[in-house]
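To keep things clear, I will list the structure first and then write my remarks on it.
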Amino acid sequence: MLDFQRDIAPYLLKHGETKPDKKLLHKFYQESIDHAKLVESVFGDAYPEFLQVDRPKEKDKPSHRKFREAIYKAVTKPFRRRLIRTLSAIRNADDFTIEFPQVESTIPFNETLNFYTTENFGAWKSLEQWFWEQGIQHFIDDPNACAVLLPKIPENPTDYREVVPIWAMSDQVWYYAEGEKAVICAQAKSDILVNSKKVKEGLILYFFDRESYCIAEQKSANGGRTTWEILGIEVVQDESGKIDYNQAFPLHHFRTMPVFKLGSQIRKTSEDGVLKLFESYVADAIPALKSVLQRSSDIDIEALLHTGSLEWQYVTKKCGVCSGEGKIKSFTTTRSGKDKATTTKCTKCGGNGWDIYDSHLEKILISTPAAEGFDDTKPVNLPTPPAGMIERSPNAIKEFREEYRRNMIEAYQTVGLGHIADQIFMNTSGTSKHYDRDEGEKMTMDTSKHFVSNLLQPMYAATDAIRYGPIGKAGEQVPIIVSPKRFDISSIDMTREELNDAMTNNYSEELKDMLQLRYLNQMGGKDSTEYKTFRVKMQLDPHRNKTDETKSFLLSQAYLTMDRESEEFSHTVEQLQFSINFETALRDVVLKQDKFFQLPIEKQYELLIQANKAYFSVRPAGQPIEMSTLAPLVNAKDVNQMQE
């Protein structure tokens with residue numbers, strides 16, 4: 001149970017103070033903030049600090065660094081988006097389910113945990129939506145952030161308590177000891193009277209332990225005095241007039257605390273294991289991503305240097321303003337009447353003493369060289385051309401691009417997305433692609449288990465305890481969340497290659513069916529007509545993998561070898577005709593039954609069999625079967641026809 005003097009009073013700051021003494025912050029507070037800033041520097045739009053260095057030949061030219069900063073672009077953003085998309089797809093796995101138990105009839109459906117967490121969970125409506133849309137991003141960007149489920153006491157004591165979902169970033173988590181105690185500084189501010197003026201600057205603090213919780217809000221400040229409103233504190237006065245307080249903090253009824261850190265990869269722990277510092281899912285990829293940003297900046301500079309190469313000119317005329325000296329002398333008269341000589345750089349030639357042509361619209365005038373020696377003959381060969389550009393070697397930009405590509409591939413492989421790098425940067429073999437995909441699926445499966453076991457399952461249990469714990473019914477409605485046993489992260493192109501390989505090498509029909517179903521799912525989704533049609537065909541068509549020629553042959557064999565008056569013959573013919581006419585019968589049934597694909601499989605089969613009867617009949621046993629042949633379109637003996 002929380003204690004006011006021990007757990008709350010030390011954190012009640014004066015107005016204007018933003019953080020308590022360092023002794024009151026958890027051991028890894030600053031490190032967790034620094035780690036979040038590091039991740040942000042890799043993916044953010046701002047020019048990162050690790051690029052603000054003096055490179056060779058740039059130390060004496062600060063304008064170069066400013067130029068790099070001006071043209072900077074965050075080329076690592078697609079990496080982050082692809083990772084978020086991959087992890088968010090866990091919820092779409094076939095075997096990921098959230099199953100709620102049956103609830104006693106005394107609780108109306110719109111008051112059940114099922115309805116509350118899927119239709120009425122704050123502004124997000126759904127707890128699952130709240131987690132998948134924001135929690136995944138915080139999991140990557142700030143693993144030491146916390147998900148807070150704050151109980152809200154209703155005005156009507158007969159109503160169930162509401163749950164307010166809050167994300168607290170690492171700088172807001174002042175203290176967090178797993179399962180024992182948490183102190184969270186809310187991002188929102190309260191209305192506070194500061195010297196009789198109402199402003200929205202008041203701190204809001206949340207306190208939790210294993211049993212209770214407390215909310216403290218700054219309400220007024222006058223001089224050095226700050227007033228707090230604290231949930232669970234009651235001021236009392238005894239008969240003698242002595243002022244005292246009673247503490248009765250409300251219970252949250254959850255088994256530990258409704259506060260959950262998001263990270264899964266532990267970097268440091270305290271000796272007792274209660275205090276933990278988590279590192280981001282992308283921590284191992286950060287060195288490679290830093291190099292990617294460095295090489296991207298270098299590539300931009302190299303590309304611009306190629307378009308703005310160093311220009312040279314033969315100088316032919318001395319500057320007419322400074323007469324080739326590069327300096328201009330002038331005299332000023334001092335107060336004493338003496339002339340004082342001053343020298344300034346020539347603004348025409350920039351101090352070099354020669355006429356320089358900077359504009360493409362100017363003309364370069366070249367005079368014939370003067371005679372040299374004792375011969376009056378002037379040299380006829382003039383310098384050609386009189387000006388030009390010093391071309392830079394393309395090797396640097398090639399090497400930068402190769403290093404950029406290599407580092408980006410390494411970053412993708414580090415977080416299990418090597419199969420994406422294969423598609424973007426490399427033309428790798430099938431074996432390599434399968435290896436990268438298997439690695440990615442293993443890492444995604446591990447993350448899926450963390451999401452389910454350490455976050456989603458406890459979140460649903462905490463919500464249930466907060467709402468139904470006060471009436472003694474905590475735990476009765478907590479759903480069972482099934483983590484995927486298999487997670488497929490293959491792309492459409494990879495599935496197409498596998499399907500083509502299976503068809504070419506004539507793998508088992510079951511494997512080909514599975515690959516076709518996956519391909520249809522990736523192309524159109526599970527709600528597409530094509531996907532549903534193929535799934536029904538897989539389940540009901542007894543000869544789905546046989547060609548029409550094979551089916552016709554089996555049909556003729558039945559007529560020739562079986563007793564046409566037997567039930568076996570009727571059943572065989574019906575099944576073969578059912579397979580031949582499957583698409584036609586399915587079309588007829590779907591046109592009449594709008595919800596055909598929602599029907600039980602037995603009902604679907606019954607409707608299709610009935611529709612199939614309109615497309616065949618059995619020849620009576622007494623009628624002979626006449627053999628039919630088709631005449632060839634070309635006489636094989638006529639060579640000329642064969643050539644045509």
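The values are calculated or read from the model by the stated rules, or taken from the named source; none is laboratory data. Because the structure is a prediction, the values reported are computed rather than measured. FYI the Cβ positions are ideal-geometry reconstructions off the backbone, even for glycines, and counts take in every protein chain you see. Heavy atoms of the whole protein, side chains included, go into the accessibility calculation; ligands, DNA and RNA do not. Shrake-Rupley method; radii C 1.70, N 1.55, O 1.52, S 1.80 Å.
Once the other residues with Cβ under 12 Å from the Cβ of Val590 are scored (Lys, Arg +1; Asp, Glu -1), what is the net sum? Display every interim value, and only then the final one.
Values: positive: Lys532, Arg587, Lys592, Lys595; negative: Glu583, Asp588, Asp594.
Neighbourhood net charge equals +1.
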Once each part is reduced to its C-alpha centroid, what is the distance from segment 100-153 to segment 249-279 in angstrom? 19 Å
Ranked order, Phe109, Phe534 - accessible area, probe 1.4 Å, largest first: Phe109, Phe534
If you roll a 1.4 angstrom probe over the protein chains with everything in place, what fraction of the accessible area of segment 1-130 belongs to carbon and sulfur, to the nearest %? 50 percent
For Ser190, solvent-accessible area (1.4 Å; no DNA, RNA or ligand), Å²: 10 Å²
When the solvent-accessible surface of protein heavy atoms is calculated with a 1.4 angstrom probe, in what order do Lys77, Lys485, Lys276, Lys512 fall, highest first? Lys485, Lys77, Lys276, Lys512
Return the distance in nm (one decimal) between the two label points of a simple spin-label model at Arg85 and Gln52, each offset 7 Å from Cα along Cα→Cβ. 3.3 nm
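By the gyration tensor of its Cα atoms, with a ≥ b ≥ c the square roots of the eigenvalues, what is the shape of segment 497-594: rounded for a/c under 1.5, prolate for a/b over b/c, or oblate? Mind showing how you got there, number by number?
Values: a/c = 3.33, a/b = 1.49, b/c = 2.24.
Oblate is the answer for segment 497-594, as a/c is 1.5 or above yet b/c matches or exceeds a/b.
Let's test the formula: R0 of 41 Å, r as the Cβ-Cβ distance of Ala9 and Asp527. What FRET efficiency results, to the nearest 0.05? Spell out each step's value before the answer.
Values: r = 57 Å, r/R0 = 1.39.
Once the sixth-power term is evaluated, E becomes 0.10.
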Place +1 on the Cβ of every Lys and Arg and -1 on the Cβ of every Asp and Glu in segment 13-95, take the dipole about the Cα centre, and give the residue among His64, Ile90, Ser41 whose Cα lies farthest towards its positive end. His64
With just the Cα atoms defining each centre, how far is segment 506-554 from segment 178-226? Give it in Å. 62 Å
Could you tell me which of rounded, prolate or oblate describes segment 30-143, using a ≥ b ≥ c as the square roots of the eigenvalues of the alpha-carbon gyration tensor, with rounded for a/c under 1.5 and, failing that, prolate when a/b is larger than b/c and oblate otherwise? prolate
With +1 on each Lys and Arg Cβ and -1 on each Asp and Glu Cβ, and nothing else charged, work out how big the dipole of segment 541-586 is about its Cα centre, in Debye to the nearest 20. 160 debye
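Heavy atoms only, probe 1.4 Å: what % of the accessible area of segment 179-308 goes to carbon and sulfur, would you let me know? Walk me through the numbers on the way to the answer.
Details: 2990 of 6510 Å².
Solvent-exposed carbon and sulfur of segment 179-308 make up 46 percent of the total.
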Here the gain from full extension of Val321 to Glu180, 0.36 nm per residue of separation minus their alpha-carbon distance, amounts to 42.5 nm
For Leu193 and Ile266, what does the FRET efficiency come to when R0 = 45 Å and r is the distance between their Cβ atoms, rounded to the nearest 0.05? 0.50
Simple label model, 7 Å out from Cα along Cβ direction - Arg535 to Leu251, nm: 4.5 nm
Ordering Leu499, Leu456, Leu554 by the accessible surface of their heavy atoms, 1.4 Å probe, largest first, yields Leu554, Leu499, Leu456
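Express the accessible area of segment 464-618 per residue in Å², computed with a 1.4 Å probe while the remaining protein chains stay in the model. Numbers along the way, then the final one.
Numbers: 8960 Å² over 155 residues.
For segment 464-618, the solvent-accessible area averages 58 Å² per residue.
Taking 0.36 nm per residue of separation and subtracting the Cα-Cα distance, what length does fully extending Asn120 through Ile480 add?
Values: separation 360, 0.36 × 360 = 129.60 nm, distance 1.96 nm.
My answer for the length gained is 127.6 nm.
So how much slack lies between His571 and Gln610, counting 0.36 nm per residue of separation and subtracting their Cα-Cα distance, in nm?
Values: separation 39, 0.36 × 39 = 14.04 nm, distance 1.35 nm.
Full extension from His571 to Gln610 adds 12.7 nm.
State whether segment 197-302 is rounded, prolate or oblate according to the following rule on the C-alpha gyration tensor (a ≥ b ≥ c being the square roots of its eigenvalues): a/c under 1.5 gives rounded; otherwise a/b larger than b/c gives prolate, and the remaining case gives oblate.
Details: a/c = 4.34, a/b = 2.00, b/c = 2.17.
In terms of gyration-tensor shape, oblate.
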Please report the accessible area of Glu279 (heavy atoms, 1.4 Å probe, ligands and nucleic acids excluded) in Å², nearest 10. 40 Å²
